[in-house]
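Single-structure report; data block below.
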Amino acid sequence: MAPNELSHKKARKSQNKKTQGGPSMYPDVAFARRYTLVVGAGINAKRNVPGWIPLVTRAWREVFGEDADYRGDLTTRLNEARRTVQQHCGWTKEDAQRLDVSIHPLEPQFALELIDLHLTENPDVAERVRRLATETPPRVSGASNGTEDLLPILLVRCLYENVTRTGEPDTLSELAHFVRRSKRLVRVISLNVDNLLELEIENTRPSKDEERYLQVISRARHHPASGIPTYHLHGYLPINMLEDPPRWAKPKWRKKTRVQRTGQEREHMMEAVPERLVFTDTQYWNSVATPLSFTNFVFANALHDSSCIFIGLSMNDLNIIRWLGLYANEFRTEYEREWTHMRREHVPGPRPYIRHCWIRPDAADPTGLVTSFLSQRGVHSYQLPNWQPEAVRKALRELL
């Protein structure tokens, strides 16, 4: 047995002993040489940032009226049902919240496209939304000249109007510590449009390693330097688009940082990339129709050259399932071809080949169906008891 293989085997045994009696990270994930962190809206749960459905609902009401709801009376009826099962059936609030009736898998994209179309075709509505963004706090910078696309401006307003940062530990702060400490993290892929993770890392101590910061990359501004490349696949609308962002949201200008980072690098952190938004149905299909589109290219590379750590995601995004399926099919075909070439066709190889990880609470997949399916796509599910920082910290420590 080769020395490297022997040390790797010992490390796996040590890992198994350390985590015995509790959730255990899959060894091929825990000891991967390269990680890609893939984050979703769940990492912002303690920051009063709305998820997909609440964000769309809020934007719809601003455009179509306070009492308007793109789900009709379904929202009201579901809230009544949730209260009833809690009161009479002993359901917890968390269990009741999972009661839902999906109109369509792409319903948020449909609603946002209708919002965008309505703003384009109705100047009076567009003017009302523009006044909202410019005359009442939090005001969006540059929204008053009448030339910008209003959908990004409206989304910024709805996204950050109640955002907060208490300084208490949460999922976002634990991820910031992980990014600061992990030397195997090679990129971050975000399905969020905010820059709260970037800012949290800026505010995280120790900060002696100035290279452990996130550098936002887009197709139009691809200038990688010393930071960790970060790709916002749904677009980038940082909180700095507000005229007066919260004090904690203003990047720190340290003497050492000022020397190391160029003006362009600072722009990458604070300037929006609204032309790359992937929110409406048209934008969604534009992003996937071209094989070498920016989103396809970035995610394909991440699946190929690293172990992807998914966190804050429900894994119901059709794009993610498509990317995992395409990669699994290609990998399986090539792996079986290599296995046959080595004349081992009668010896069963590892099926499936696990190399990625989904960190999730138990409540995210109560039936286990998604977990079972993802295991066939090479994704190990690490189950958290809850989203408390201690549980998240334990999971991330196994990756350090």
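Laid out as a table, the results:
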{"read-out": "Selection from region 127-155 of residues that are touching a Leu at 6+ places or on another chain (Cβ under 8 Å), in a helix (DSSP H, G or I) and farther than 16 Å from Arg61 by Cβ", "value": "Arg130, Pro152"}
{"read-out": "Selection count, region 365-382, where residues are under 27 Å from Asp305 (Cβ atoms) and in contact (Cβ under 8 Å) with a residue 40 or more places away in the chain", "value": "8"}
{"read-out": "For Ser190: the one exception among (1) closer than 18 Å to Val278 by Cβ; (2) crowded, with 20+ Cβ neighbours inside 10 Å; (3) modelled with pLDDT under 90", "value": "(3)"}
{"read-out": "Flag for Ile115 being surrounded by 13 or more Cβ atoms within 10 Å (Cβ to Cβ), touching a helix residue (DSSP H, G or I) at 6+ places or on another chain (Cβ under 8 Å) and not in a loop (DSSP other than H, G, I, E, B)", "value": "yes"}
{"read-out": "Yes/no for Glu174 being under 18 Å from the mean Cα position of the chain (by Cα), over 30 Å from Glu113 (Cα atoms) and acidic (Asp, Glu)", "value": "yes"}
{"read-out": "Matching entry among Thr333, Thr282 (being at pLDDT 90 or above and either more than 22 Å from Val379 (Cβ to Cβ) or loosely packed, with under 12 Cβ neighbours inside 10 Å (or both))", "value": "Thr282"}
{"read-out": "Any chance Thr371 is surrounded by 11 or more Cβ atoms within 10 Å (Cβ to Cβ), assigned by TED's automatic domain parsing to the domain that holds Phe279 and modelled with pLDDT of 85 or more", "value": "yes"}
{"read-out": "Ala30, sole failed condition from (1) surrounded by 14 or more Cβ atoms within 10 Å (Cβ to Cβ); (2) more than 18 Å from Val392 (Cβ to Cβ); (3) modelled with pLDDT of 90 or more", "value": "(2)"}
{"read-out": "Count of region 207-221 residues which are among the hydroxyl-bearing types (Ser, Thr, Tyr) and at pLDDT below 75", "value": "1"}
{"read-out": "Filter result for the condition that a residue is modelled with pLDDT under 90, acidic (Asp, Glu) and closer than 30 Å to Thr280 by Cβ, over Asp95, Asp100", "value": "Asp100"}
{"read-out": "Which numbered condition Leu99 fails, given (1) free of Cβ contacts under 8 Å to residues at least 40 places away in the same chain; (2) in a helix (DSSP H, G or I); (3) out of contact with any strand residue (DSSP E or B) (no Cβ under 7 Å at 6 or more places or on another chain)", "value": "(2)"}
{"read-out": "Members of region 63-94 that are exposed (fewer than 14 other Cβ atoms within 10 Å of the Cβ), part of a helix (DSSP H, G or I) and touching a helix residue (DSSP H, G or I) at 6+ places or on another chain (Cβ under 7 Å)", "value": "Lys93, Glu94"}
{"read-out": "Tabulated pairs, region 60-76, first without any contact (Cβ under 8 Å) to a residue 24 or more places away in the chain, second surrounded by 15 or more Cβ atoms within 10 Å (Cβ to Cβ) and among the aromatic types (Phe, Trp, Tyr), C-beta under 8 angstrom, 6+ apart or interchain", "value": "Ala68/Trp60; Asp69/Trp60"}
{"read-out": "Flag if Asp170 is over 16 Å from Val63 (Cβ atoms) and either touching a residue at least 24 places away in the same chain (Cβ under 8 Å) or crowded, with 17+ Cβ neighbours inside 10 Å (or both)", "value": "yes"}
{"read-out": "Pair list, Cβ < 7 Å and 6+ apart or interchain, from region 110-139 residues that are touching a residue at least 40 places away in the same chain (Cβ under 8 Å) and in the same structural domain as Ile153 (by TED's automatic domain parsing) to residues that are hydroxyl-bearing (Ser, Thr, Tyr) and surrounded by 17 or more Cβ atoms within 10 Å (Cβ to Cβ)", "value": "Ala111/Tyr70; Leu112/Thr280; Glu113/Thr280; Asp116/Thr280; Pro138/Tyr160"}
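The values are calculated or read from the model by the stated rules, or taken from the named source; none is laboratory data. Just so you know, these numbers come straight off a predicted model, no measurement behind them. Counting neighbours? That spans all protein chains shown, and the Cβs are built from the backbone with ideal geometry, glycine included.
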